[in-house]
Amino acid sequence: MVLTVRVITPDKTVWDNTVQEVVLPSISGQLGILSGHAPLLTALDTGVMRIRTDKEWQNVAVMGGFAEVEQDEVKVLVNFAEIGNSIDKEEAKQEYNIAQAKLEEANKGNESLEKIKASNAFKRAKARLNAAGIVS
């Protein structure tokens, strides 16, 4: 049996296909979905969504949102999503290094808002890097 998975952002559909398995980055941890899964609605964290088609895994960087599972259909509604093999690895590394430096700098100060912004930028950069297949 298979699942139908749709990954939708405000401006486009990033993924719409049948798959064997999905691993979602929910706010409470990684959540595996197989055919026959119970109905579910969950908030998603910024991270990497993994999709298994036959025996091959695809990574998708997702930037927060929600996922709904119902009758072997997974709808993922996110602010932004990018398929891992379309991410420029060198650009992702540079983005990660810059975000990491900004986070370290923000953590030295006392500005809470700057710490939050830097932390969010770091999470996004790390998700893109990991989706591209580079482990940080």
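The values are calculated or read from the model by the stated rules, or taken from the named source; none is laboratory data. All values derive from a computational prediction rather than experimental measurement. Glycine gets a Cβ as well: all are built from the backbone with ideal geometry, and neighbour counts include every protein chain shown. Areas reflect the complete protein model, heavy atoms only, side chains present, ligands, DNA and RNA absent. Shrake-Rupley method; radii C 1.70, N 1.55, O 1.52, S 1.80 Å.
Quick one: is Lys93 modelled with pLDDT of 95 or more, within 22 Å of Gly133 (Cβ to Cβ) and either touching a strand residue (DSSP E or B) at 6+ places or on another chain (Cβ under 7 Å) or not small (Gly, Ala, Ser) (or both)?
yes
Looking at region 11-24, is at least one residue β-branched (Val, Ile, Thr), within 27 Å of Lys117 (Cβ to Cβ) and touching a residue at least 40 places away in the same chain (Cβ under 8 Å)?
Going residue by residue through region 11-24, those that are β-branched (Val, Ile, Thr) are 13-14, 18-19, 22-23.
Restricting the remaining residues to those that are within 27 Å of Lys117 (Cβ to Cβ) gives 14.
From what is left, the residues that are touching a residue at least 40 places away in the same chain (Cβ under 8 Å) are 14.
Scanning region 11-24 turns up at least one residue that is β-branched (Val, Ile, Thr), within 27 Å of Lys117 (Cβ to Cβ) and touching a residue at least 40 places away in the same chain (Cβ under 8 Å).
For Ala99, only one of the following conditions fails: (1) of a type outside the set (Lys, Arg); (2) under 19 Å from Thr4 (Cα atoms); (3) buried (at least 18 other Cβ atoms within 10 Å of the Cβ). What is its number?
It fails just one condition, (2).
What pairs come out if I take residues in region 97-119 that are at pLDDT 90 or above and pair them with residues that are among the acidic types (Asp, Glu) whose C-beta lies under 7 Å away, six or more apart or interchain?
Once the first residue is at pLDDT 90 or above and sits in region 97-119, its partners that are among the acidic types (Asp, Glu) give Ala106/Glu114.
For the structure I just gave you, tell me whether Glu56 is surrounded by fewer than 16 Cβ atoms within 10 Å (Cβ to Cβ), farther than 18 Å from Pro10 by Cα and modelled with pLDDT of 95 or more.
no
Where residues in region 1-53 are in a strand (DSSP E or B) and among the acidic types (Asp, Glu), which of them is most open to solvent (accessible area, probe 1.4 Å)?
Applying the first criterion (in a strand (DSSP E or B)) to region 1-53 yields 3-8, 13-19, 21-26, 29-34, 40-53.
Restricting the remaining residues to those that are among the acidic types (Asp, Glu) gives 16, 21, 45.
Working: Asp16: 91, Glu21: 44, Asp45: 51 Å².
If we take residues in region 1-53 being in a strand (DSSP E or B) and among the acidic types (Asp, Glu), then Asp16 is most open to solvent (accessible area, probe 1.4 Å).
Output yes when any residue across region 103-123 is open to solvent by less than 80 Å² (accessible area, probe 1.4 Å), in a helix (DSSP H, G or I) and closer than 30 Å to Ser35 by Cβ, and no when none is.
no
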